[in-house]
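In what follows, a structure is listed as structure tokens, so that the remarks can point back to it.
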Amino acid sequence: MESPDAHYIPALLSEPDADALLKHLNQHLVWDERMSARRTASFGRPYNYSGMSYEEQAFPAPLVALIDKLAPHTGFVANNCLINFYANGQARMGFHCDEVEGLEPDTGVAIVSLGAMRELAFRRTDSKEIQWRYRLEHGSLFMMSAKTQAHFKHGILPDPRQPKARMSLTFRSILAQR
């Protein structure tokens, strides 16, 4: 695999729609503050993330509408959304591979970005050198296949010049627990 198996849609949501969703989430989410680097919230099926477990929680109406909008672009109907809140450019996510064993076959991870632009960087799992960078704009969709996780690590790089906040809405189709 030469490059990450991914695609990017810079304006999945119009600016007014992205602004409205960001405003709604800012006003209505109850954040989990167990992580020191960022706040999180999870909706839909239960999800285990970074050593933490999130119980099943109903999707707010705006996320249900967004799931319907995502399906033609992702090829799956998401049943979980993990939201990461980055307060400013100092907040980051270290390089990692997403857990894909619990995902429905032939799906991946879809990221909708709201708020400040940040860079998503990729490097091969056997390298420390960043090889690809994607600018995740307000209202954009970035889709990674499950195959990408086997060959690449990705992370959100810090940007000390960025004073504004960002939300990353990560959508997955998680297998039912047995």
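The values are calculated or read from the model by the stated rules, or taken from the named source; none is laboratory data. Keep in mind it's a predicted model, so treat the numbers as computed, not measured. Cβ sites come from the backbone with ideal geometry, for glycine too, and all protein chains shown count toward neighbours.
Looking at (1) free of Cβ contacts under 8 Å to residues at least 40 places away in the same chain; (2) touching a strand residue (DSSP E or B) at 6+ places or on another chain (Cβ under 6 Å), which is the one condition that is false for Gly94?
All conditions are met except number (1).
State whether one or more residues within the range 24-34 are of a type in the set (Phe, Trp, Tyr) and modelled with pLDDT under 95. Don't jump to the end; show me each part of the working.
At the first step, the residues of the range 24-34 found to be of a type in the set (Phe, Trp, Tyr) are 31.
Okay, now just the ones that are also modelled with pLDDT under 95, so 31.
For the range 24-34, residues of a type in the set (Phe, Trp, Tyr) and modelled with pLDDT under 95: present.
Pick out the one residue from Leu169, Leu136 that is within 29 Å of Ala20 (Cβ to Cβ) and either in contact with a helix residue (DSSP H, G or I) (Cβ under 8 Å, 6 or more places away or on another chain) or without any contact (Cβ under 8 Å) to a residue 12 or more places away in the chain (or both).
On the way: Leu136 fails: either in contact with a helix residue (DSSP H, G or I) (Cβ under 8 Å, 6 or more places away or on another chain) or without any contact (Cβ under 8 Å) to a residue 12 or more places away in the chain (or both).
Within the list Leu169, Leu136, the selection yields Leu169.
Just checking, which of Ala116, Ala87, Ala110 is surrounded by fewer than 21 Cβ atoms within 10 Å (Cβ to Cβ), out of contact with any Lys or Arg (no Cβ under 7 Å at 6 or more places or on another chain) and modelled with pLDDT of 90 or more? Show your work before the answer.
Working: Ala116 fails: out of contact with any Lys or Arg (no Cβ under 7 Å at 6 or more places or on another chain); Ala110 fails: surrounded by fewer than 21 Cβ atoms within 10 Å (Cβ to Cβ).
Within the list Ala116, Ala87, Ala110, the selection yields Ala87.
When the range 119-136 is examined, which residues are found to be surrounded by 19 or more Cβ atoms within 10 Å (Cβ to Cβ) and under 13 Å from the mean Cα position of the chain (by Cα)?
Leu120, Leu136
List every residue pair whose Cβ atoms lie under 6 Å apart, where the two residues are 6 or more positions apart in sequence or sit on different chains, the first residue falls within the range 1-17 and is of a type in the set (Asp, Glu), and the second residue, located anywhere, is buried (at least 16 other Cβ atoms within 10 Å of the Cβ).
From the range 1-17, the pairs are Asp5/Ser145; Asp5/Thr148.
Quick check on my filter: what residues within the range 62-98 are in contact with a Ser or Thr (Cβ under 9 Å, 6 or more places away or on another chain) and either farther than 23 Å from Ser173 by Cβ or hydrophobic (A, V, I, L, M, F, W, C) (or both)?
To start, the set of residues in the range 62-98 that are in contact with a Ser or Thr (Cβ under 9 Å, 6 or more places away or on another chain) comprises 74-86, 93, 96-98.
Phe76, Val77, Ala78, Cys81, Leu82, Ile83, Phe85, Tyr86, Met93, Cys97, listed by residue number.
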